[in-house]
Amino acid sequence: PNIDENTIDDLKSCTSKYSDIFIGMMGLHPTSVKNDWKNQLQLIYNDLNRNDYIAVGEIGIDLYWDTTLKKEQIIVFEEQLKWSVEKNLPVSIHFRNATVEVINSIKRIGENSLRGVFHSFGGTVDELNEILKLKNFMIGVNGVVTFKNSGMSDTLKYCPKDRLVLESDSPYLSPMPYRGKRNESSYLRFVLKKISETLI
């Protein structure tokens, strides 16, 4: 995933150097939305148009750290959802403390024209059920499900298996027994093991 206008060159360098394993997404992350968001969006959109990307992301709304630019985050998110429709690309959605806002935005733009993943799900059963009503969206699950007090195992019992996507979120959110250390894709086996125990 891309983060903002400053990470585009690094993303392209990585996907070019390791094209056999990396395919890029292009988007503006909500925690990077600033007062000059219009210029930011234009730079991101220009690059989306010039290159081949697999998705629009990582995009969304984050109301955990700061709500000062909530209105702007919603505008930016909805504009990028429109790009997804225009390009017929899925989205990777960041939605920390913003499940209701994200779902409302998806409905405003057109839930039947959109598809993608609610990245790094860590919500309640009620939030899960609301997301599952959006038929074209998957639930992204990572190392958090292995954390003893996360409650995710109980929540995921209510999620159909065919709506789950395994995620690493490297280098963050390493599963047990590597919690607190740098994450890597090979640790997905611990996420899979926990989910298989949960859903059997």
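The values are calculated or read from the model by the stated rules, or taken from the named source; none is laboratory data. Being a predicted model, the structure only gives us computed values, none of them experimental. Backbone-built Cβ (ideal geometry, glycine too); neighbour counts: all protein chains shown. Heads up: the accessible areas ignore ligands, DNA and RNA and are worked out on the full protein's heavy atoms, side chains in. Shrake-Rupley method; radii C 1.70, N 1.55, O 1.52, S 1.80 Å.
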Of the criteria (1) of a type in the set (D, E); (2) farther than 26 Å from N142 by Cα; (3) modelled with pLDDT of 95 or more, which one E58 fails = (2)
Report yes if K135 is at pLDDT 95 or above, open to solvent by 20 Å² or more (accessible area, probe 1.4 Å) and either among the charged types (D, E, K, R) or not in a loop (DSSP other than H, G, I, E, B) (or both), otherwise no.
-> yes
Please go through segment 46-86 and pick out each residue that is open to solvent by 50 Å² or more (accessible area, probe 1.4 Å), over 15 Å from the mean Cα position of the chain (by Cα) and either closer than 13 Å to N2 by Cβ or charged (D, E, K, R) (or both).
-> N46, R50, N51, D52, D66, K70, K71, E79, K82, E86
Within segment 87-98, can you find the residues that are of a type in the set (A, V, I, L, M, F, W, C) and either out of contact with any strand residue (DSSP E or B) (no Cβ under 8 Å at 6 or more places or on another chain) or assigned to a loop (DSSP other than H, G, I, E, B) (or both)?
-> L89, F95, A98
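Does T15 satisfy being open to solvent by 10 Å² or more (accessible area, probe 1.4 Å), assigned to a helix (DSSP H, G or I) and under 26 Å from T146 (Cβ atoms)?
Working: open to solvent by 10 Å² or more (accessible area, probe 1.4 Å): yes; assigned to a helix (DSSP H, G or I): yes; under 26 Å from T146 (Cβ atoms): no.
Taking the combined requirement at face value, the residue does not satisfy it.
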Could you look through segment 18-28, keep only residues that are of a type outside the set (A, V, I, L, M, F, W, C) and more than 20 Å from V102 (Cβ to Cβ), and pick out the one that is least open to solvent (accessible area, probe 1.4 Å)?
-> G24
Of the residues in segment 140-160, how many are among the hydroxyl-bearing types (S, T, Y) and part of a loop (DSSP other than H, G, I, E, B)?
-> 2
Among what's in segment 29-44 and is out of contact with any Asp or Glu (no Cβ under 6 Å at 6 or more places or on another chain) and assigned to a loop (DSSP other than H, G, I, E, B), pick the residue that is least open to solvent (accessible area, probe 1.4 Å).
-> D36
Filter segment 99-121 down to residues that are buried (at least 20 other Cβ atoms within 10 Å of the Cβ), free of Cβ contacts under 8 Å to residues at least 40 places away in the same chain and not in a helix (DSSP H, G or I), then give me how many there are.
-> 3
